[in-house]
Amino acid sequence: MHLLVLGINHRTAPVEIRGQVAFPTEQVPRALGELTALTSVSEAAILSTCNRTELYCAKQDGGLEELTDWLCRFHGLEKGTLEPHLYAYSGADAVRHILRVAAGLDSMILGEPQILGQMKATYQLATEAGTLDTLGNRLFQHTFSVAKQIRTDTAIGASAVSVAFAAVSLARQIFGTFEKQTALLIGAGETIELAARHLHEHGIGQMIIANRTVERALDLAAHFNGFGIAISQIPAHLAEADIVISSTGSPDHILDREMVCEAIRGRKHRPIFMVDIAVPPDIDPRVGELSDVYLYTIDNLKDVIEENLKSRQEAAEQAEEIINVQVDRFMTWLHSLDAVPAICAYRDHARAVGETELRKARQRLSNGEDPQQVIELLTHNLVNKLAHDPSVNLREAAEQGKTSLLDTVRTLFRLKDGD
């Protein structure tokens, strides 16, 4: 049995293709059932995010084509459409790939932490579906342990390398904690959504999302226990905001100097932290001249991100070294499973011999024979019966010049020369 990964990600396929092979959460149990019903698959789990879909399977030899056919069939895709975008890993390469994914080394944003949570959700779904056994359970537990080690022993996640994360990290430097702060997010695109997620994860006290389409603002705010407003309502709420992050496609300024001055007066000159991610800018650059405003632009953040990316790349090299060691450890354990059937068979054989001789010894004792002689005979018979077949085979091996078998036995039983 071996491990196989079949997948597609942001490096191998455009978003249109990735979307066609994604597995909504509600479909995963059925998909796992179909996967493990395939003749070559004994265990399975499915990781599906916006940037990747991967099948993790414990399989008999071969079976890659069967997996590919199933994936195409499940999603109603032509094999020729999907196959050029797929990648596959087996054995140690599969283990290395899974560890790199969990550590964020294979992510669009190097070292991003969300993927580990998604990997844990993958494990939970497979566990609930009953599609993991010895190999899969051990693999995921090992993966989580290694990912934690990398987060602890390297700086892979210590610095911001996305605009949204950099903006929130700067805000934390100013405010320390967010429990008593209010954030105003202007726009409702991907960057604002990421900023909202980071603020929510760090316990922001209150969140307001403003957008031209108020329905979109309301929908996004609902995901983070905030509330949505129209952009036209910003002047009425700006004084409440300790943190302002703006990213729209507006050709004109959303916040002008006069509007911000009015908000500062309403705040009794308590400072406001502002980040303008938009191009062209949403916030009048003259706002940065106000003494109670900390204004950062996309250019400021890019400098921070470039420096931090260098730091993460150095940490990634350390993480790769950790992964190399941990792949070897996992493969050592996996290879040890090959010995299990032989060990079990040998133990069963020894147990059967022992039970037979014990039954004979008890019968002799019940017949009144001398206990000392019964014990000696029991020992003699056990040694002879357990050693007979190996002795015959070793003698034949020696006659045929199979010295490697003789060396194996010496190692197996820890025999010294002359024993």
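The values are calculated or read from the model by the stated rules, or taken from the named source; none is laboratory data. This is a predicted model, so every value here is computed, not measured. Glycine gets a Cβ as well: all are built from the backbone with ideal geometry, and neighbour counts include every protein chain shown.
The table below gives the values:
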{"read-out": "Tally of residues being under 25 Å from R11 (Cα atoms) and surrounded by fewer than 16 Cβ atoms within 10 Å (Cβ to Cβ) across the stretch 25-54", "value": "3"}
{"read-out": "All positions within the stretch 122-155 that are among the small types (G, A, S) and surrounded by fewer than 15 Cβ atoms within 10 Å (Cβ to Cβ)", "value": "G130, S145"}
{"read-out": "Among the candidates L64, L71, residue that is touching a helix residue (DSSP H, G or I) at 6+ places or on another chain (Cβ under 9 Å) and aliphatic (A, V, I, L, M)", "value": "L71"}
{"read-out": "Pair list, Cβ < 6 Å and 6+ apart or interchain, from the stretch 390-401 residues that are in a helix (DSSP H, G or I) and small (G, A, S) to residues that are modelled with pLDDT under 80 and surrounded by 10 or more Cβ atoms within 10 Å (Cβ to Cβ)", "value": "A397/L405"}
{"read-out": "Residue list for the stretch 191-215, restricted to those being among the basic types (K, R) and over 20 Å from F165 (Cβ atoms)", "value": "R212"}
{"read-out": "Inter-residue pairs, beta-carbon under 9 Å, first in contact (Cβ under 8 Å) with a residue 12 or more places away in the chain and outside the structural domain of L238 (by TED's automatic domain parsing) and in the stretch 263-278, second part of a loop (DSSP other than H, G, I, E, B) and not polar (S, T, N, Q), 6+ apart", "value": "none"}
{"read-out": "Residues that are modelled with pLDDT under 90 and either outside the structural domain of P235 (by TED's automatic domain parsing) or acidic (D, E) (or both), drawn from the stretch 194-223", "value": "E201"}
{"read-out": "Selection from the stretch 327-351 of residues that are over 17 Å from A94 (Cβ atoms) and among the β-branched types (V, I, T)", "value": "V340, I343"}
{"read-out": "Filter result (surrounded by fewer than 22 Cβ atoms within 10 Å (Cβ to Cβ), of a type outside the set (S, T, Y) and at negative phi) within the stretch 165-180", "value": "L170, R172, Q173, I174, F175, E179, K180"}
{"read-out": "Any hit, the stretch 283-294, residues being in contact with an Asp or Glu (Cβ under 7 Å, 6 or more places away or on another chain), surrounded by 12 or more Cβ atoms within 10 Å (Cβ to Cβ) and assigned by TED's automatic domain parsing to the domain that holds I243", "value": "yes"}
{"read-out": "Residues of the stretch 59-118 that turn out to be of a type outside the set (A, V, I, L, M, F, W, C), in contact with a Lys or Arg (Cβ under 6 Å, 6 or more places away or on another chain) and farther than 18 Å from Q318 by Cβ, as a count", "value": "0"}
{"read-out": "Given (1) touching a Ser or Thr at 6+ places or on another chain (Cβ under 6 Å); (2) surrounded by fewer than 19 Cβ atoms within 10 Å (Cβ to Cβ); (3) of a type in the set (A, V, I, L, M, F, W, C), number of the condition I115 does not satisfy", "value": "(2)"}
{"read-out": "Condition broken by E16, with the remaining ones in (1) more than 30 Å from K148 (Cβ to Cβ); (2) part of a strand (DSSP E or B); (3) not aromatic (F, W, Y) satisfied", "value": "(2)"}
{"read-out": "Out of C57, C72, sole residue that is more than 22 Å from the chain's Cα centre (by Cα) and buried (at least 18 other Cβ atoms within 10 Å of the Cβ)", "value": "C72"}
{"read-out": "Candidates L55, L86, L47, L67, filtered to the one that is closer than 23 Å to K148 by Cβ and touching a residue at least 12 places away in the same chain (Cβ under 8 Å)", "value": "L47"}
{"read-out": "Within the stretch 183-242, helices (runs of 4 or more DSSP H) holding 3 or more residues that are touching a strand residue (DSSP E or B) at 6+ places or on another chain (Cβ under 6 Å), under 24 Å from L301 (Cα atoms) and not hydroxyl-bearing (S, T, Y)", "value": "190-201"}
{"read-out": "Contacts under 7 angstrom Cβ, first residue in the stretch 134-153 being without any contact (Cβ under 8 Å) to a residue 60 or more places away in the chain, partner of a type outside the set (G, A, S) and crowded, with 19+ Cβ neighbours inside 10 Å, 6 or more apart", "value": "T143/I98; T143/L99; T143/M119; A147/L116"}
{"read-out": "Number of positions in the stretch 395-417 that are farther than 20 Å from I343 by Cβ, surrounded by fewer than 10 Cβ atoms within 10 Å (Cβ to Cβ) and among the polar types (S, T, N, Q)", "value": "2"}
